[in-house]
Each structure stands twice: as structure tokens, then as C-alpha cells.
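Nothing in this text is a laboratory measurement; each read-out follows from the coordinates by a stated rule. From a predicted model like this one, the values you see are computed outputs, not experimental measurements. Positions of Cβ are generated from backbone atoms using ideal geometry, with glycine treated the same way; all protein chains shown enter the neighbour counts.
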Amino acid sequence: NLPIIYFVTPTYPRREQIPELTRLAHTLLHVPRLHWLVANDQEGCNVFMDLMLKGFGIPYTHLASPMPSNFRKAKPAPRGVANRRAALQWLRQRNLTNGILYFGDDDNTYDLRLFSEIRQTQRVSMFPVGFIADYGVSGPVVRKGKVVAFLDSWLAGRRWPVDMAGFAVNLQYMAQFPNVNMPYKPGFEEDRFLRSIGLRLDQIEPRGNNCTEILVWHTQTKSKKAAVVRLESEYLDGRSN
Ligand code: UDP
Ligand code: MN
């Protein structure tokens, strides 16, 4: 019996939301034994989105997890944190222990081989992520099958300088740490989360052929908000026809 992968996806309302979730769903449809936790950065339940998620046919849970309003204007804002915290709470409330947690943003690109890699996670597994900042990659440095260091273009004094998409956690392991947490601290979410689950360097399981293969990319979709606003105002003014 394969352990279930709990794939936690923060998402938020903007023009790209539906295409991003469609693209991601069409990846996840290839993956057996996966539960998709879609946490939307919006007040209340979005009925349209719920119908769309149902239509994909993937086992899912749809959470409404708005960013607290005092953080909205912050620069940088803690993007996706309220969402991931809501998913952590959902998992904790159910005392789920037979499964693997993975934080998969709505705009990243996932190789299907990633899922068989993370499913084997005993405690915490790690692997490189492509397209991260200046170096273009972030990930563990492995010597003789063990993680000994990290390559990342923004170290910032972090003990665990890794990307959100670069690790997976076994829920049975995580259950030992009742204070598991992800703070509203932009740039330090991964580090503080991994500290909160008592991670030790010698416990990390390197995946992806000893972290030599990139199976996930931090792709970013180019956004275009202005055009939508203009078309809407033209339409409302009755100038569109
Ligand atoms: N996100 C969110 N609310 C926001 C901005 C982002 O829930 O106000 C989500 C977004 O959908 C993504 C994650 O948080 O899954 C990370 O955001 P983004 O991809 O914009 O950040 P980047 O990858 O550029 O650091
Ligand atoms: Mn992103």
C-alpha cells in the first residue's frame, strides 16, 4: 500500500489562477494515491473553484485561507503562508500519520518522477529545484550518499537554505513535533518550518539520484493585470461595442 502524498497547493485569485490550476491538475492526474490540498487565499468558499476542482477528478480538499489583512501591504508579503498553515492545521486535526507532505505551489513545474521519489520519504527528503534566483538552481550538496552542505544563491544565515519545493516530510515523523509551524516571515518560511520539526543534517534523505537530477522547477508565469482592468472598464462604460 503506497503512502498517500498530501500535495499542498497555495493559490490566490488572479487572472492566471485557472490556467495554473488546470496545468497542475493535469500533472497530478497521472499520480496515484495523492490527495490535493488546495488552499485558496480568499475569504470564504469559492463555489466556482470548488466545481472546477471536482471536475478534475482528483481526491481533493478545498480550504479558504486568506492572508491576514495586516500582511497584505507588506513588502515582501508572506505569499502562500496562510495557505500552508491552514493545510498543516488540517493535517494535524486529523492526526494523519500514514502519508507524505509536500508543498507544491500552483505555478511550479513537476516531473512525474518526483512523485515516486518523495513517496519513499522516511523522515525528510531533499532534492534540487531548478530556476531558483541567480544560480538557477538550489539544492543539497551530497557526498557519499549524505547531505553535507547546500547550494543556494541567498543564504541569509539560514540553517536550511532550501526552496519550498525542495523537500518532503513523512507525516509520522512530523507528528512527533506538536509545535510544527511556518511563520509569516518572507524568505525564512522553509528554514523555520524545518527547524520546527527538529531536522538534523544526518537525517536528510537525498533524492533524485543523490540530488543530481532536477525534477521540479520554480517556473513563474508572466502576469498581465493592466489589460484586464482596461477591458473591464471599457465594457462597463459601454464603449466595447
Ligand atoms: N500566493 C498566495 N497569495 C498571494 C501570493 C501568492 O496564496 O498573495 C501563493 C501562490 O499561488 C503560490 C505561492 O503562494 O502557490 C507562492 O507565490 P508566488 O508563486 O507568487 O511566489 P514566488 O514563487 O514568485 O516566490
Ligand atoms: Mn511561484
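What FRET efficiency do you get for K222 and T22 if R0 is 22 Å and r is their Cβ-Cβ distance, rounded to the nearest 0.05? For R0 = 22 Å, the calculated efficiency reads 0.85. Per-residue Cβ neighbour counts within 10 Å put V81, V142, V38 in the sequence V142, V81, V38, beginning with the fewest.
Once the Kirkwood radius over Cα pairs is known for the chain, the Stokes-Einstein relation at 25 °C and 0.890 mPa s delivers a diffusion coefficient of 130 µm²/s.
Going from the residue with the fewest nearby Cβ atoms within 10 Å to the one with the most, F193, F56 rank F56, F193. In this Cβ point-charge picture (+1 for Lys and Arg, -1 for Asp and Glu), segment 1-58 has a dipole of about 200 debye about its Cα centre. Within segment 1-74, the GluC sites (Glu not before Pro) that combine a DSSP coil assignment with at most 14 other C-beta atoms in a 10 angstrom radius are E43. Considering only F56, V31, G99, and ranking their Cα positions along the charge dipole of segment 1-99 that arises from unit charges at the beta-carbon of Lys, Arg, Asp and Glu, the one farthest toward the positive end is G99.
Using Cα positions and a limit of under 16 Å, work out the aspartates and glutamates in reach of K185, with same-chain residues fewer than 8 apart set aside. Qualifying aspartates and glutamates at Cα under 16 Å: D163.
Taking a quarter of the surface of the Cα convex hull of segment 29-87, what do you get in nm²?
On the way: hull surface 18.9 nm².
For segment 29-87, the mean projected area of the Cα convex hull comes to 4.7 nm².
Oblate is the label for segment 138-207. Its Cα gyration tensor axes, ordered a ≥ b ≥ c, give a/c of at least 1.5 and b/c at or above a/b.
For segment 122-139, putting each phi into the Karplus relation 6.51 cos²θ - 1.76 cosθ + 1.60 with θ = phi - 60° gives couplings of 8, 10, 9, 10, 9, 6, x, 10, x, 6, 9, 6, 5, 6, x, 7, 9, x Hz, in residue order, rounded to whole numbers and with x for Gly and Pro. For P3, neighbours were defined as the other residues whose beta-carbon sits under 11 Å from its Cβ, and their charges (Lys and Arg +1, Asp and Glu -1) total +2. Note on M52, M164: ascending count of other Cβ atoms within 10 Å places them as M52, M164, the fewest first.
Assuming charge only on the beta carbon of Lys and Arg (+1) and of Asp and Glu (-1), the dipole of the chain about its Cα centre is about 500 debye to the nearest 20.
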